[in-house]
Each structure stands twice: as C-alpha cells, then as structure tokens.
Amino acid sequence: MKAYHDQHFLVDQNAVQRIAALADVCGKQVLEIGPGNGALTRALLDRGAIVHAVELDGILCEDLNDRFSDEIRKGTLTVLQGDATRCEFPSFELVVSNLPYSVSSKITFRLLDIGFEVGVLMYQSEFARRMVAKVGTKDCGRLSVMVQTYAAVQQCFELPPSCFSPKPQVHSMVLKIFPRPPIFPIDDRQRYANVVRALFSHRRKTVRNGLKGSSGMLDHDWVERVLALLPGEILSSRPEALYLEDFATITNIK
C-alpha cells in the first residue's frame, strides 16, 4: 500500500492489538490521528471506543468512509479530513494514534495544550527516547523538558519496520502519556517555553551565556533582571544539568 503524507501503515495485527489494549477505551471518546488504512481504528471500535479519526489525505478518508460505513451510520465513528497540526478537533477523552513522523512534535504539544486523560502514541524510537530522557542528564533536551513539564511518560514497547507497510527506515516506539499540572508552578507558560528553547539553542553554553544570547526570544530587560537575581550555581550550569524546578525558577523571576 502506498504511503500518503508521511504515513506508514501498521499492518502487524499483534502490534495493533497490543496498542489498542494499552488503555481502557470502552465507552470513551477516542481521538485517532492518522488512521491510515484503519487497522487501529477497527481494533478501537471492537473494544467499544467511540472514535474520531482525523486524516489529512482525502483518498484515505474516502476509503475509511466506505470501509466503516456501518460504524459511521451508528455514530461510533466519525472521519474528519484535516491537518491535525491546526484543524479543530472534536471533543475527546483519550488519544490513541500512530502519529505522522514529521509532525509528531507539533501534534504532541498541541494535544498537551488541549488536554486529555491518557494518550497512547507511537513515534520514531529516537524521538521517543528524547521525550523520556531524564531531565538533568546529558541526554535530555528541549523536548524532554517540555513534555515532562506537563506529563508523565511511560515507555511501552518498540516495533520494528516489518510491522509497517511500506517499511520505514527506523524503528518505532509506543509511549503512554499521562497529562498533569506542572510539578513546580509556572507563572507564564509562553515565557517558560521561550526560556527552554533559548537555553537549548545554546546547550553547550552556560545558562548565563545562553540567556545573554537569547535575543529575539526573551525580553532584554527581563534577561538582565534574571542575570542579577539567579543563584550563581544555576547561571554557571549548562541547560542539560538543570531540573524542572530550575527552569520554573528562571521563568518566574519578575
């Protein structure tokens, strides 16, 4: 089967069932982004989910409408054509999806902004490992910090290219995501995101030099106040050595 818009179709039925079983979807409003050939859609419907499938490709939408005409008529499935990075989503409680690789970061942050109970999401393995990298270690980065600020993330299992058609050149990993409020209060979420972005744009520099070089991302006068008030141990650290509390402390300086 041809891949449309960065989609690799999950064809291994054992993998499909393992993913569908990771959350109790019975009677729940479930968002599925990138349903592709409908393999996961079928598994979710069979488990009693009310599925809202968002698919970018019009041809795939037509195929899904034909294949699941009975479920659409009964109201247990809606198929919406749209770009999941920007289109309006229907109301949902859970999200279970094999995300398109190239926009998985945008979609993940969008989902966290909207909010949901539990997510079961598949990513490229390398991307997934960056998401779960422990904050405060050399492996962490902007993605690790931003995701773990707003959610707990659990690694579930990895899938080889042979589970997909056409086969991707990378392994995939399924994660379970549990949104939660930040552990440390954040006064301004946009400034927090800008601080994290600015520091990891200069990850080999100290926090002091990273903030000084943040022109265009952070207000100059605010940066000067931060440099005057932050403890020296934070200013002399590199971004990967900081903890979530440190990023919140920087952001919350008035």
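The values are calculated or read from the model by the stated rules, or taken from the named source; none is laboratory data. On a predicted model such as this, the values are computed, not experimentally measured, just so you know. Positions of Cβ are generated from backbone atoms using ideal geometry, with glycine treated the same way; all protein chains shown enter the neighbour counts.
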| message | Go through (1) over 19 Å from Glu32 (Cα atoms); (2) hydrophobic (A, V, I, L, M, F, W, C); (3) surrounded by fewer than 14 Cβ atoms within 10 Å (Cβ to Cβ) for Ala133 and report which single condition fails. | response | (3)
| message | Could you tell me how many of the residues in segment 57-75 are in contact with a strand residue (DSSP E or B) (Cβ under 8 Å, 6 or more places away or on another chain) and assigned to a helix (DSSP H, G or I)? | response | 6
| Can Phe157 be described as modelled with pLDDT of 95 or more and closer than 27 Å to Gln17 by Cα? | yes
| query | Of everything in segment 75-108 that's among the β-branched types (Val, Ile, Thr) and under 17 Å from Ala151 (Cα atoms), which residue is surrounded by the fewest Cβ atoms within 10 Å (Cβ to Cβ)? | reply | Ile107
| query | Could you list, in sequence order, the residues of segment 172-199 that are part of a helix (DSSP H, G or I), surrounded by 17 or more Cβ atoms within 10 Å (Cβ to Cβ) and not charged (D, E, K, R)? | reply | Tyr192, Ala193, Asn194, Val195, Val196, Ala198, Leu199
| Any helices (runs of 4 or more DSSP H) falling wholly within segment 76-154 and containing at least 3 residues that are charged (D, E, K, R) and within 30 Å of Lys167 (Cα to Cα) | 125-132
| request: Restricting attention to segment 219-229, report how many residues are surrounded by fewer than 18 Cβ atoms within 10 Å (Cβ to Cβ) and closer than 25 Å to Tyr150 by Cβ. | output: 2
| field | Among the candidates Glu55, Glu32, Glu62, residue that is over 30 Å from Pro160 (Cβ atoms) and of a type in the set (Asp, Glu) | value | Glu62
| task | List every residue pair whose Cβ atoms sit under 7 Å apart, with the two residues 6 or more apart in sequence or on different chains, where the first one lies in segment 24-53 and is in a loop (DSSP other than H, G, I, E, B) and the second, anywhere, is surrounded by fewer than 18 Cβ atoms within 10 Å (Cβ to Cβ) and modelled with pLDDT under 95. | result | Asn37/Met1
| task | Name, by its number, the condition in (1) buried (at least 20 other Cβ atoms within 10 Å of the Cβ); (2) farther than 30 Å from Glu117 by Cβ; (3) not basic (Lys, Arg) that does not hold for Thr206. | result | (1)
| request: Inspect all residues belonging to segment 149-157 and state whether any of them is hydrophobic (A, V, I, L, M, F, W, C) and exposed (fewer than 15 other Cβ atoms within 10 Å of the Cβ). | output: yes
| request: Return only the number of the condition from (1) free of Cβ contacts under 8 Å to residues at least 60 places away in the same chain; (2) closer than 30 Å to Asp24 by Cα that Lys167 does not satisfy. | output: (1)
| task | Mind telling me which of the residues Phe164, Phe184, Phe200, Phe247 ends up being under 22 Å from the mean Cα position of the chain (by Cα) and within 30 Å of Gly36 (Cα to Cα)? | result | Phe164
| said: When you check Ser125 against the structure, is it modelled with pLDDT under 95 and under 22 Å from Pro168 (Cβ atoms), yes or no? | reply: no
